[in-house]
Amino acid sequence: MRMFTLAAALAALPVEAQQSGPTYTWKMATGWASGPLMDIGAKGFAERIGQLSGGRFKIQTFPGGALGNALKVPETVKNGVAECGHTWMGYDWGKDPTTVLFGGYAGTFDTERMLHWLYEGGGAELQRQFRDQADGVVSMPLFIRTAEVFLHSRKPVKSLADLKGLKLRTAGGAMDITANDFDAVPVRMPGPDILPSLSRGTLDGTLAPLQSVKVFDIQTQVKHMTTDVSLGSFITVYAISDRAWKRLPEALRANLTEAGDFATKNHCEYVDTQEVKVVQELEQDGVKGNTMAPGQLVALNTKLQGVANEWAESLDKRNKPGSIVLRDFRKAVGK
């Protein structure tokens, strides 16, 4: 069977007729080092833009840290260093917990349901409304990845008690959960810093997608992964400077939207194929899969749902920018 790749899908699509008018060259700041699937999504998006515009619109992607803080891409965009950026909204957890709704968090949608909510349930419109209100940037979905395997660690984790005291790399809302509900120590850092920290012993494990484990060689330091718990789907977004967006003609704005939708919706077979391949490679590298002990999975999910309820109540009380969005989200999922 012929293997699907995002690049092959892009190449198979016809190039649309040349559009008249000025050309545009944008810089895209990303939150990723070269290699992970999110970086593939950013580059596929840029390639699709070139096709849709007949070469009139070009986007050059830059790896995380090249144009600004890899964890603060919207800030880089808003300051005018880059016209657009590719990031995960969960990095902005400290500003407003609503961001985890659009980035995926433990106990929320899997990939298929997240896509349905974004494109059929109004999620993409809510996301754009929130980003405009909270950050003053134009934002839309750009790429979705499979759910993160719960934990990659030096020692097997089969119960909540096993998490106590572990120094775990994580981000977004999981920072709060790790500290308050797991009695572990959350550590925030970019992906390329994980392996050196594991080597020095300043980390005991990490929450990470399977592909990132291989990209960053994490399996050379940790040989256990807890496989029956996930952190929900992982949707990334692009943020566009409001000034740059307003300068674009309507046709090129439509190109941006279509390219983002394409990169988000059409990657799933490729990602799933890579997931199976990585699992096989990790097994060959001596990584062992562990499952939670009976009853522990129920206890974990109970904790996670309780955290989600606390976030919702907190936003409502403080009338934060995301409170209306969060209420709409909870109505959509029947919470």
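What follows draws every value from the coordinates through simple rules; no lab data is involved. Just so it is clear, the model here is predicted, and its values are computed rather than measured. Glycine gets a Cβ as well: all are built from the backbone with ideal geometry, and neighbour counts include every protein chain shown.
The table for this structure:
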item	result
In Hz, Karplus ³J(HN,Hα) per residue of the range 158-163 (6.51, -1.76, 1.60; θ = phi - 60°; x = Gly, Pro)	10, 8, 4, 5, 5, 7
Chain lengthening between Asn301 and Asp193 when straightened (0.36 nm per residue, less Cα-Cα)	35.9 nm
Built amide H within the under 5 Å cut-off of Gly104, gap 5+	Ile235
Tail beyond 18 Å, pair distance distribution of the range 136-293 (Cα, percent)	64
Diffusion constant of the range 184-227 at 20 °C, which comes from Stokes-Einstein with the Kirkwood Cα-pair radius and 1.002 mPa s, µm²/s	200
Semi-axes of the equivalent ellipsoid for the range 77-201, Cα gyration tensor, largest first, Å	29, 18, 13
Table column - 3J(HN,Hα) (Hz), the range 239-252, Karplus curve with 6.51, -1.76, 1.60, x for Gly and Pro	10, 10, 4, 4, 5, 5, 4, 5, 7, 7, x, 4, 4, 6
Positive-end extreme of charge dipole, the range 122-172 - chosen from Val157, Phe130, Phe143 (charges on Cβ)	Val157
Which listed pairs, of Lys27/Lys167; Lys158/Lys265; Lys265/Lys303; Lys167/Lys288, have C-alpha distances above 26 Å, in listed order	Lys27/Lys167; Lys158/Lys265; Lys265/Lys303
Placed amide H near Asn290: partners under 5 Å, 5+ positions off or other chain	Met225, Thr226, Thr227
Kirkwood Rh and Cα Rg combined as Rg over Rh, evaluated for the range 135-217	1.01
